[in-house]
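Here is the structure we will look at, set down as structure tokens.
The values are calculated or read from the model by the stated rules, or taken from the named source; none is laboratory data. These figures come from a predicted structure and were not determined experimentally. Please note that ligands, DNA and RNA were not included when accessible areas were found on the heavy atoms of the full protein model with its side chains. Shrake-Rupley method; radii C 1.70, N 1.55, O 1.52, S 1.80 Å.
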Amino acid sequence: MAFGLKVYRGYANERKIMVFGHVFEKDTPDVFKLNKKWYQHAWQVLRMFRIKTESNASVVFKYKNLEVKTKTLDDGHFRMMISYEGDIEPGWHKFTMEVLEEENSHESHEEEGEFVKPFPGEYGVISDIDDTFLVSHSGNIFKKLYVMLTRNVNKRKVFEKVVEHYRLLNQIGRKDHSKNNAFFYVSSSEWNLYNFIIQFTEIHQFPKAVLKLKDIKSGLRDFLGSGGGDHNHKFYKIRHLVEFYPELHFILLGDDSQQDPYIYRDISKIFPKNISTIYIRQTKRKKSKKVKSMLSEMNELGVKTCYFKHSSTAMEHSNNKLS
């Protein structure tokens, strides 16, 4: 039986490389075809949540003279932290992942992946996705599912000026514009939607980033709760990134529709010297008193904050406070 292999963007620091992906029983999630009618697109989305993963499959990481083998977890996920010696230049690097069809078999399947080692600099950027830069209607589950099913990736909307703001943050603090700040998109969307998010960010020319998403789902019932439920995984993923890059000062971007302000507050309290700025998008008619209070707490720790309705306001803040 031929396994399907999906490799996600990885990342590295001065000592370790992080790579991850999934092995599937057969097919990998599709790239979204942009010329589909709405009902054909809906079927594409639903197929993302009918995939079956392969547990305990053997996978091999290959990069230059490094070759490391491991096996997938119960949900078909592999996540490898690989120590290395020598120097790796900053920027994006290609590697190969191989899945062995059977133990001790010569049959295998390879996919190319890439990881980034950030350029030395002051800032790293961690952003939420839904209702932070992608208009998703997270506060209304029925509208959210309707939009997800009926609007293809090239029909989905971004907030005005948000791309310009992210491009500014990608270059903030840098004199050499050929080098970028480290960018990560951390979301409660599931790994099922990885291809959708990659295509969306490429269409709108967002900064190239590593994605950190929620556990993969493998049933249509799970689709109804997509993006919801427990958001604690975002806290742990952000904490890991801050610990992985202790030399960076992180800019956190989120919105007030779910748990971002609470997560960012706790991260700031744990790493008061590592969090530079918090941006929270206002998604409701009025600003939340609780969110305003939490951001005031962060100001007392020396963290810069901006609670904004329009990305032009956030851009002005970045130009004045971070440049």
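From the Cα gyration tensor of the chain, with a ≥ b ≥ c the square roots of its eigenvalues, which class applies: rounded if a/c is under 1.5, or else prolate if a/b is larger than b/c, or else oblate?
On the way: a/c = 1.87, a/b = 1.26, b/c = 1.49.
Note, shape of the chain comes out oblate.
Can you pull the percent of the chain's accessible area that's carbon plus sulfur, 1.4 Å probe, other chains left in place? Kindly include the intermediate steps, with their values, before the conclusion.
On the way: 7400 of 15760 Å².
So the carbon and sulfur contribution to the accessible surface is 47 percent.
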Note on the stretch 69-145: alpha-carbon gyration tensor, axes a ≥ b ≥ c; rule is a/c under 1.5 for rounded, else prolate if a/b larger than b/c, else oblate; result oblate
Going by alpha carbons, how many degrees (0 to 90, nearest 10) lie between the helix axis of 162-171 and the longest principal axis of the chain?
80
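Do the alpha carbons of any pairs in Lys143/Lys287; Lys212/Lys290; Lys157/Lys287; Lys143/Lys309; Lys16/Lys94 sit beyond 24 Å of each other, and which pairs? Kindly include the intermediate steps, with their values, before the conclusion.
On the way: Lys143/Lys287 22 Å; Lys212/Lys290 27 Å; Lys157/Lys287 22 Å; Lys143/Lys309 21 Å; Lys16/Lys94 15 Å.
Distance filter (> 24 Å) returns Lys212/Lys290.
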Enumerate the calculated ³J(HN,Hα) couplings along the stretch 207-214 in order (Karplus 6.51 cos²θ - 1.76 cosθ + 1.60, θ = phi - 60°), each rounded to whole Hz, writing x wherever the residue is Gly or Pro.
x, 5, 9, 7, 9, 10, 10, 8
Could you state the number of Å between the C-alpha centres of the stretch 59-131 and the stretch 150-169?
28
Going by the alpha-carbon gyration tensor, a ≥ b ≥ c the square roots of its eigenvalues, is the stretch 108-153 rounded (a/c under 1.5) or, if a/c is not under 1.5, prolate (a/b greater than b/c) versus oblate?
oblate
With a probe of 1.4 Å, find how much accessible area the chain has per residue, and write the answer as a whole number in Å².
49
